[in-house]
Amino acid sequence: MLRKKKFKSFRKNKEALDLDITSLLDILVILLVFLLKSYNASDLKLDLVKNMLLPQSISRTLGNNAVIIQVNKDRSIWVNYKQIGELDNNEKVEILFSTLTEIKKQEKEKIDNVRVLASDITEQNKQINIVLDKSLPYKVLRQIMHTSALAGYPNFKFIVEGNY
Amino acid sequence: MRDSIRGRKKKKEKLNLIPIMDAVFIFIFFLLMSAQFIDIYEIESDAPSVVTIDKKISNDKPLNLILEITRQNITVKSGLNENSIKKFNKNSEGKYDFDSLNTSLTEIKLKNIDENSVIFRPNSDVPYEDLIQIMDFAMKVKGEKIISATNKKGEIVKTNFLFDKIIFETII
């Protein structure tokens, strides 16, 4: 009898346990608004290398996924996040040219394997995303554009930071 | 008796928030994955290329708009003989006069509403940051205002773009 009573009181206590999730909901809603504001529909995902400051622009054209060349303040070159070397003074940057030619070759092999929508892939294959530090002179940009065009990438996309 | 019925009815009105919370939680993960904390955009430019055009060759003189950029000034040139139209020197703060450049380019656009190409001819030492700013002011009308003019076919063209096809000279 006594045991039954104890059990009953325990069950009553269990029923009374009701979590108040109002504050959690508030946080989630605030987080949701913040994340919705920072949502970017672009398919270009970019991780900047060290010593890199992007120039600001009023452009609102979203980027596309393509080969990414990054040149930082120290004139080191990255292709698709892999450091390949440093810029020299020649108009045609040999190390960049050989890397881009290799990528082009691999992409061509991929297109040959995937025959569907090959025309779309070919068009996208001419694009190159150029990410330069804002303090670099035009000479660097010219070297990059010249080498990219020679390697079969004549559509340049200058990646910039949006300013408001 | 009535009070107890009312009380029961009130209890039934409690909303079940669990499904919506689940959805919101999943949505947050999705947004966290796709969030980019720097707003990244692009400006397009193509390498100059030689193309064969099937169209009838026009007798009209080409605009051939050129922006010659040095660290000190920007010179706007036009025509096959590259006649200098205007020169914009840097001000006392060491900045280009972008507003005047934009106004001048808007005037040129109004006279040549069908044109959308501009050739950039910068010096080797011009900073990349300055070039991007010049591109901004050469591509769009200030304040995104819509301008309208009559083209050669007699049609009224409305646009807020100036010369959005930027070509860099001396690439290849």
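Scanning the stretch A:133-148 for residues that are under 19 Å from residue A:66 (Cβ atoms), in contact with a Phe, Trp or Tyr (Cβ under 8 Å, 6 or more places away or on another chain) and at the interface with chain B (Cβ under 7 Å from one of its Cβ atoms) turns up A:141, A:145. Based on what the data block shows, is residue B:129 under 30 Å from residue A:150 (Cα atoms) and surrounded by fewer than 17 Cβ atoms within 10 Å (Cβ to Cβ)? Here the answer is no, as residue B:129 does not meet what is asked.
Looking only at strands (runs of 3 or more DSSP E) that lie completely in the stretch B:72-172, which have at least 2 residues being within 14 Å of another protein chain (Cβ to nearest Cβ)?
Filter on the stretch B:72-172 gives B:117-122, B:165-168.
Selection within the stretch A:17-57: residues that are facing chain B (nearest Cβ under 7 Å) and assigned to a strand (DSSP E or B). The member of this set that is nearest to the chain's Cα centre (by Cα) is A:39. For the stretch A:69-99, taking the residues that are among the acidic types (Asp, Glu) and in contact (Cβ under 8 Å) with a residue 12 or more places away in the chain, the one that is nearest to residue A:155 (Cα to Cα) is identified as A:91.
Restricting to the stretch A:58-75, count the residues that are in a loop (DSSP other than H, G, I, E, B) and within 11 Å of the chain's Cα centre (by Cα). Of the residues in the stretch A:58-75, 4 are in a loop (DSSP other than H, G, I, E, B) and within 11 Å of the chain's Cα centre (by Cα).
Inspection of the stretch A:123-132 identifies at least one residue that is out of contact with any Lys or Arg (no Cβ under 9 Å at 6 or more places or on another chain), more than 10 Å from chain B (Cβ to nearest Cβ) and either more than 22 Å from residue A:50 (Cβ to Cβ) or at pLDDT 90 or above (or both). Looking only at the stretch A:129-154, residues that are in contact with a helix residue (DSSP H, G or I) (Cβ under 9 Å, 6 or more places away or on another chain) and in a strand (DSSP E or B) come to 3 in all. Only a single item in (1) loosely packed, with under 13 Cβ neighbours inside 10 Å; (2) touching a Pro at 6+ places or on another chain (Cβ under 6 Å); (3) hydrophobic (A, V, I, L, M, F, W, C) is not met by residue B:80, and it is number (2).
The values are calculated or read from the model by the stated rules, or taken from the named source; none is laboratory data. Please read all numbers here as calculations on a predicted model, not as lab measurements. For neighbour counting, all protein chains shown are included, and Cβ atoms are generated from backbone atoms with ideal geometry for every residue, glycine included.
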